[in-house]
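A.B. asks: Let me give you the structure first, and then I'll get to my questions.
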Amino acid sequence: MKKRISLFLVALLMVAMALTGCGGAGQSNESAEPPASEGGGFAADATIGVALPWLGTQNWAEADEMFKTELEAAGFKAIVQHADNKVPQQQQQIESMIQNGAKVIVVGPVDGSQLGAVLEEAEAAGIYIIGYDRLIENTTGINGVVQFGSIKTGELQGQALLDGLAANKGKGPYNIELFGGGPADPNAPNFFKGAMSVLQPKIDDGTLVVVSGQTDFTQCATMDWDNSKAQARMDSLLSGFYADKEIHGVLSPNDGIARAIITASEQAGQKIPVVSGLDAENESVKWVWSGRQYSTVAKPTDVLVGKTMEIIKSLQAGNGMPTPDTTVNNGKKDVGVYELPPLVVTKENAKEAFANDPGRMELLQ
Ligand code: BGC
C-alpha cells in the first residue's frame with residue numbers, strides 16, 4: 001500500500017514538473033537539444049528536408065531516390081534536393097526548407113564548413129539537423145551524423161592496394177601514385193589519412209615508391225571529386241614520370257576516379273595498375289569482376305538511408321536522438337556519430353559481399 005502511495009506521489013510530481021516546465025532531465029538537455037525535443041516529437045505527416053550535395057556519384061543518386069520513397073512511405077512530406085556541387089545553391093535550398101516548416105533537415109554538405117550560418121538559423125528555429133554521409137563542420141547546427149567510418153574506409157583502401165600489389169605485381173618495390181577526393185568534403189582528408197596510415201610505413205621502408213614524390217593530401221586531392229580532373233592529373237603524371245617506367249598501383253578515393261585512372265593508364269600504354277575504389281558503383285562492380293579495377297569499398301546506401309530514417313522516426317515519436325556510437329569534434333562541438341562499417345570488395349569476395357543486393361549480383365557474370 002505504502003509503495004502504491006509513493007508511486008502515485010512520484011507520478012504526481014512528474015506531472016507537476018512537466019506542467020511547470022522544470023525538471024532535471026529537461027533542463028540539462030536544454031542547451032544540447034533544440035526546442036523541438038521539449039514538445040515531444042512532431043506531427044506524423046511533418047515536412048522533412050534532405051539537402052544532398054550533387055548526384056555525380058551513384059551513392060548520391062541512390063540516396064535521392066530512396067529518401068523520396070521512404071519518407072513518403074513513412075507518411076512524411078519530403079523535400080529532397082541536390083545542389084549540383086554549388087555552395088550558394090545548397091544554402092538557398094536549406095533556407096527554403098526552413099521556410100517550409102521542415103522539422104528535420106538531413107544534409108550531405110557540398111562544403112563541410114560553409115553551412116554554419118544557415119544551419120544555426122535552423123537550429124534556432126528548433127529544427128533537427130542530421131549530417132548524412134559527410135560531417136558538417138564549424139557549426140553548432142548539427143545534432144548528429146550518420147556515416148560509414150571514414151578513416152576505416154581509407155584504411156581498407158590502403159590495405160587493398162597493398163594486397164593487390166602483392167597478388168598481381170610480383171615482389172616489389174612497387175611504383176605507385178596517390179589520389180585524394182574533393183578537399184571541401186570532410187570525408188576526403190579522412191579517407192586519405194586512413195590510407196596513409198597503412199601506406200606510409202611501406203613508403204618509409206622502400207616497398208612503395210611514389211615516383212612523383214606527391215604525397216601530401218593537397219597535392220593529391222581532386223577538386224570537386226571531378227573524374228575528368230583526376231584523369232588529367234593521371235595523364236600528366238604518366239607522361240612526366242612514367243615514360244620509361246611501369247606504374248604498379250594507384251590509391252584512388254572512389255570508383256569514378258578509379259575508372260579515370262585506369263582509363264588514363266590504358267591510354268598511355270601501361271599495363272593496368274592495381275587501383276582501389278569506393279562506392280561499389282555498378283560500372284566498377286563490372287570492372288572488379290572482369291579484373292580491370294582491383295577493389296572497391298561497399299557502403300550500401302540503403303543501410304545509410306535506413307539508419308537516417310530510424311533517427312527521423314525516433315525524433316518524430318519524441319524520443320530524441322538515439323545514443324550515438326561515438327563522437328567527433330566538428331570545430332564547434334562534439335557531434336554524435338552513427339557509424340556503419342564499410343566493406344572492401346575484390347573479385348574474390350564479390351559474390352558474398354553482394355549476396356543481398358540483387359542489382360549488383362546481376363553484374364557478376
Ligand atoms: C562519399 C563518397 C562519394 C564522394 C563523391 C563522399 O563524401 O562518401 O561515397 O564517392 O563523396 O561524391
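The values are calculated or read from the model by the stated rules, or taken from the named source; none is laboratory data. Remember, it's a predicted structure, so these values are computed and weren't measured experimentally. Note: ideal-geometry Cβ built from the backbone for every residue, glycine included; neighbour counts use all protein chains shown.
A.B. asks: Taking the condition over 15 Å from the mean Cα position of the chain (by Cα), small (Gly, Ala, Ser) and assigned by TED's automatic domain parsing to the domain that holds Cys220, does Ala184 pass?
C.D. replies: Criteria not met by Ala184.
A.B. asks: For the stretch 252-268: of the residues being without any contact (Cβ under 8 Å) to a residue 60 or more places away in the chain, of a type outside the set (Ser, Thr, Tyr) and in contact with a Leu (Cβ under 9 Å, 6 or more places away or on another chain), which is nearest to the ligand (Cβ to nearest atom)?
C.D. replies: Ala258
A.B. asks: Next question, about the same structure. Select from the stretch 142-163 the residues that are of a type outside the set (Val, Ile, Thr) and out of contact with any Pro (no Cβ under 9 Å at 6 or more places or on another chain) and write down the one among them that is surrounded by the most Cβ atoms within 10 Å (Cβ to Cβ).
C.D. replies: Checked the stretch 142-163; the qualifying residue surrounded by the most Cβ atoms within 10 Å (Cβ to Cβ) is Leu161.
A.B. asks: Hey, could you check the stretch 122-176 for residues that are among the basic types (Lys, Arg) and under 21 Å from the mean Cα position of the chain (by Cα) and say which is nearest to Ser252 (Cα to Cα)?
C.D. replies: Lys152
A.B. asks: Cβ-Cβ below 6 Å, separation at least six or inter-chain, first residue in the stretch 147-168 and farther than 23 Å from Asp302 by Cα, second more than 12 Å from the ligand (Cβ to nearest atom) and polar (S, T, N, Q): which pairs?
C.D. replies: That search, which allows pairs on different chains as well, returns Ala160/Ser276; Ala160/Ser295; Leu161/Ser276.
A.B. asks: Now, a different point. Could you count how many residues in the stretch 272-324 are touching a residue at least 60 places away in the same chain (Cβ under 8 Å), part of a loop (DSSP other than H, G, I, E, B) and within 16 Å of the ligand (Cβ to nearest atom)?
C.D. replies: 7
A.B. asks: For the structure I just gave you, tell me whether Glu137 is at pLDDT 95 or above, within 16 Å of the ligand (Cβ to nearest atom), farther than 20 Å from Val303 by Cα and not assigned by TED's automatic domain parsing to the domain that holds Val328.
C.D. replies: no
A.B. asks: Looking only at the stretch 71-104, how many residues end up being over 18 Å from Ile130 (Cβ atoms) and of a type in the set (A, V, I, L, M)?
C.D. replies: Within the stretch 71-104, residues that are over 18 Å from Ile130 (Cβ atoms) and of a type in the set (A, V, I, L, M) number 2.
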